[in-house]
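All remarks here apply to the structure that follows.
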Amino acid sequence: MKFLDYTVKTVDDKQYDFNKYSNQVFLIVNTASEWGFNSQLGQLQDLYEKYRDKGLMVFGFPCNQFYNLEPRDGIDILENYKEKFNVNFPVSIKIDVNGDNSDPLYMFLKKNSLDEKLGSLKDKAVYYDLLKENHPQFLKDKELRWNYTKFLVVNRGEIIERFEPSISPKNISHRIEKHLGT
């Protein structure tokens, strides 16, 4: 399967067939409402508003695997995101991003992202010690380390960069602009 073969079901019961957006730039992010990095939802919304007419698609994928930081389900997730951060980009149903029940799209993203694009987790991550002590399996291979890991996907589905959670969306806008041609 290729990236563009995936379809996403959102919490408000919409379907997004990625193949219909083949000329877009995608920013795929696993999200959570109860963590200190949740301000990134507002930054993601800012990017979406600034660049959606130029071809950016932002997709949020709520995940509760990291210390139960997304306790809501269904439409309650989107309503919370809207209330706190005015989010109007598509938000999927809640998924797992690691382990045996990992969402197929995330299995694909992890498998096909380049190792050298992961960044230095130990130097940047405030949550490194928590993972090392409580979830060492998330530090192996290409597993996601925490919520707000970001994948930048361009050129008809090519995964070009993976950004660790500590790298804020506003700090990758120049990378998005490069691929939008702005």
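Worth pointing out:
- Taking each residue of the range 40-58 that is modelled with pLDDT of 95 or more and looking for partners that are assigned to a strand (DSSP E or B) with beta-carbon atoms closer than 6 Å, six or more apart or interchain, yields L44/V58; Y48/V58; G55/V25; L56/V25; M57/F26; V58/L27.
- Members of the range 1-20 found to be in contact with a helix residue (DSSP H, G or I) (Cβ under 8 Å, 6 or more places away or on another chain) and either surrounded by fewer than 14 Cβ atoms within 10 Å (Cβ to Cβ) or free of Cβ contacts under 8 Å to residues at least 40 places away in the same chain (or both), listed by number: M1, D5, T7, D12, N19
- Subset of the range 1-39 (residues that are acidic (D, E) and modelled with pLDDT of 95 or more): D5, D12, D13, D17
- Residue count, the range 68-105 (criterion: without any contact (Cβ under 8 Å) to a residue 60 or more places away in the chain, surrounded by fewer than 16 Cβ atoms within 10 Å (Cβ to Cβ) and of a type outside the set (D, E)): 8
- Screening F66 against (1) among the aromatic types (F, W, Y); (2) at pLDDT below 95; (3) within 13 Å of the chain's Cα centre (by Cα) leaves a single unmet condition, (3).
- Test result for D141, modelled with pLDDT under 85, assigned to a loop (DSSP other than H, G, I, E, B) and surrounded by fewer than 17 Cβ atoms within 10 Å (Cβ to Cβ): yes
- Enumeration of residues in the range 22-37 that are in contact with a Leu (Cβ under 8 Å, 6 or more places away or on another chain) and either β-branched (V, I, T) or not in a loop (DSSP other than H, G, I, E, B) (or both): V25, F26, L27, I28, V29, N30, T31
- Taken over the range 38-62, the criterion of being outside any strand (DSSP E or B) and buried (at least 18 other Cβ atoms within 10 Å of the Cβ) is satisfied by N38, Q40, L41, Q43, L44, Q45, L47, Y48, Y51.
- Long-range neighbours under 7 Å by Cβ, at least six apart or interchain, first residue within 19 Å of N23 (Cα to Cα) within the range 146-158, second of a type in the set (S, T, N, Q) and not in a strand (DSSP E or B): F151/S113; R156/S22
The values are calculated or read from the model by the stated rules, or taken from the named source; none is laboratory data. Note that the structure is a prediction, hence the values are computed from the model and not measured. Positions of Cβ are generated from backbone atoms using ideal geometry, with glycine treated the same way; all protein chains shown enter the neighbour counts.
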